[in-house]
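The values are calculated or read from the model by the stated rules, or taken from the named source; none is laboratory data. Being a predicted model, the structure only gives us computed values, none of them experimental. Note that we place each Cβ from the backbone using ideal geometry, even for glycine, and neighbour counts take in every protein chain shown.
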Amino acid sequence: MKIVVVGAGIGGMLTAEKLGSLGFDVVIYEKANSLDEMRYDWHDDVSPVVCEELGLTIPKESAPKRSWTFCSPYEKVTREFHQDENCPDLSIERRPLNKMLFDRASKYATFIFGKTVTSPVLEGDRVVGVVVDGEEVRCDLVVDSAGAYSPVRTNLPVKLGVSSLSKNEVFEAYRAFYRRAEGSPTPKYTNKVYMKHLGELGISWTILDHDPSQVNVLVGLVGGLDDDVLEKSLSFMREHNPILGDEIVRGGYKVIIPVRYPATMMVADGYVAIGDSAFMTIPLLGSGIASSLWAGDILYRTVKANMDKGVKDLFDKKHLWAYQVGVYEKFGAKHLGVDVLKRWLLTQSNEMVDWLFESKVLSNTDLQKVASGNLVTITPAAATEKVMGVGLKNLPILLKMNTMVMKSHKGERIGKRIPKKYDERKVSAWERRVKALYR
Ligand SMILES: Cc1cc2nc3c(=O)[nH]c(=O)nc-3n(C[C@H](O)[C@H](O)[C@H](O)COP(=O)(O)OP(=O)(O)OC[C@H]3O[C@@H](n4cnc5c(N)ncnc54)[C@H](O)[C@@H]3O)c2cc1C
């Protein structure tokens, strides 16, 4: 049986290796002309736990991430956030990570570079292949790993019910590494992250890289990043961070990251979406490398379990559904809750964000949890402590925050109640309950 992986995304490459090892004929079509041209030339933060769990080698070029300093919109308030000392995130270089996944997948799958997939091929309600540079390629399963605006997912007929991405569910981000300004002293805070920077719906950061001659900059906005806003953010950061020089060393362009809960429908007959194409990033931060890798492993275990049971129509939606259940159980349900939190945070006034950081109503543990895609928990003891800390005058705000925290936990509970077996009626009812959370 033939499997086509569209795009050599992170999860797609792991899936190609694993499904190839089960004996399928796997081909990956990647629009970049070579491995070196593929995606970004920078590094990203990833929890090392995923590599340990999946037996992947951590590229040796990686470095432990330093603690962050959260800044309120106009840097009126700064708040240090300490990484979990026992297991700090790692900044992993993309290129060696891609190379490692490529080397592993190449043992079982064929990569075809310089080929762009433009749409799916359908027979009735079944995906039976893709169009590659104008030619139809037929297969038994399409694994869609082509990122947020995958042309396969976006060209599927609406009646298949596969989830779509709206404009306000993406983060358009400018990322660049600048040469450090010559002779600039090392600042007190080296990793500054601005929440709702300049009052806009997004985040920015200025980080002194682990290579201290470079400064890592990001400016990201929900819905789209205008050049005007980008210029204002950059000039603010230059003023407040004298380390930031003018010369771009890496990156220097805009990219798209989905920032919403995972697709509530990521499978169809003959089709499965993975990674950004199924919106698997942590909604608050846009980190999606770990979840894409986990998803690749879940997809492999789903197919293998069905093969072991002797299932014939392996790639029917009803059998692929167990993959989506696995994704929701592993991280999707938590991401639902984090999305509730993110939407709430972004609608708060600048003064409220100042206060949230200043009052320390969010503890270091709370911040650690949110940053890793987990939910804040307010125990009765913690609630008392928070009330004592903020004073009775601010009780109404604390109560509002508590309501939001409870709603985020409700989101997680709904996510976990995903129907374990595919039943159209039950699945539609579950999707309606998920969507109701965000109305
Ligand atoms: C600025 C930025 C910072 C980030 N920081 C982090 C971070 O710190 N930590 C973290 O975990 N994640 C981070 N992410 C998110 C992370 O990059 C993704 O979630 C993760 O890589 C999974 O994406 P993907 O592999 O599904 O898709 P992508 O990385 O978008 O890969 C899709 C692949 O498909 C190919 N492709 C696209 N269209 C076609 C087509 N039509 N035909 C053929 N090939 C096609 C592309 O060339 C690409 O190789 C960041 C993303 C960005 C943009």
Checklist entry - Of the residues Pro151, Pro157, Pro120, Pro96, which is of a type outside the set (Asp, Glu) and modelled with pLDDT under 95? => result Pro96
Item to check | Identity of the residue in the stretch 323-366, among the hydrophobic types (A, V, I, L, M, F, W, C) and over 30 Å from Met266 (Cα atoms), that ends up surrounded by the most Cβ atoms within 10 Å (Cβ to Cβ) | outcome: Val353
Checklist entry - For residues in the stretch 253-287 being modelled with pLDDT under 95 and among the small types (Gly, Ala, Ser), which is farthest from the ligand (Cβ to nearest atom)? => result Gly286
Checklist outcome for this item: Scanning the stretch 35-54 for residues that are surrounded by fewer than 17 Cβ atoms within 10 Å (Cβ to Cβ) and at pLDDT below 85, the one farthest from the ligand (Cβ to nearest atom) turns out to be Asp41
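Is it the case, given these coordinates, that Asp297 is within 13 Å of the ligand (Cβ to nearest atom), charged (D, E, K, R), outside any loop (DSSP other than H, G, I, E, B) and crowded, with 18+ Cβ neighbours inside 10 Å?
No, not satisfied.
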Checklist entry - Would the stretch 83-106 turn up any residue that is within 12 Å of the ligand (Cβ to nearest atom), of a type in the set (A, V, I, L, M) and out of contact with any Ser or Thr (no Cβ under 7 Å at 6 or more places or on another chain)? => result yes
Checklist entry - Given the conditions (1) of a type outside the set (Ser, Thr, Tyr); (2) assigned to a helix (DSSP H, G or I); (3) closer than 24 Å to Val26 by Cα, and given that Val121 satisfies all but one, which numbered condition is not satisfied? => result (2)
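Scanning for something within 14 Å of the ligand (Cβ to nearest atom), within 21 Å of Thr347 (Cα to Cα) and in contact with a strand residue (DSSP E or B) (Cβ under 8 Å, 6 or more places away or on another chain), does the stretch 232-242 turn up at least one residue? First the steps, then the outcome.
From the stretch 232-242, those within 14 Å of the ligand (Cβ to nearest atom) are none; that's our starting set.
Looking through the stretch 232-242, none of the residues is within 14 Å of the ligand (Cβ to nearest atom), within 21 Å of Thr347 (Cα to Cα) and in contact with a strand residue (DSSP E or B) (Cβ under 8 Å, 6 or more places away or on another chain).
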Next on the checklist: Can you find a residue that is among the acidic types (Asp, Glu), assigned by TED's automatic domain parsing to the domain that holds Gly288 and out of contact with any strand residue (DSSP E or B) (no Cβ under 9 Å at 6 or more places or on another chain) anywhere in the stretch 21-44?
Outcome noted: yes
Item to check | Among (1) away from the ligand (no atom under 12 Å from the Cβ); (2) crowded, with 16+ Cβ neighbours inside 10 Å; (3) among the polar types (S, T, N, Q), the one test that Thr57 misses | outcome: (2)
Next on the checklist: Can you report the number of residues in the stretch 86-127 which are surrounded by fewer than 18 Cβ atoms within 10 Å (Cβ to Cβ), among the hydrophobic types (A, V, I, L, M, F, W, C) and in contact with a helix residue (DSSP H, G or I) (Cβ under 6 Å, 6 or more places away or on another chain)?
Outcome noted: 0
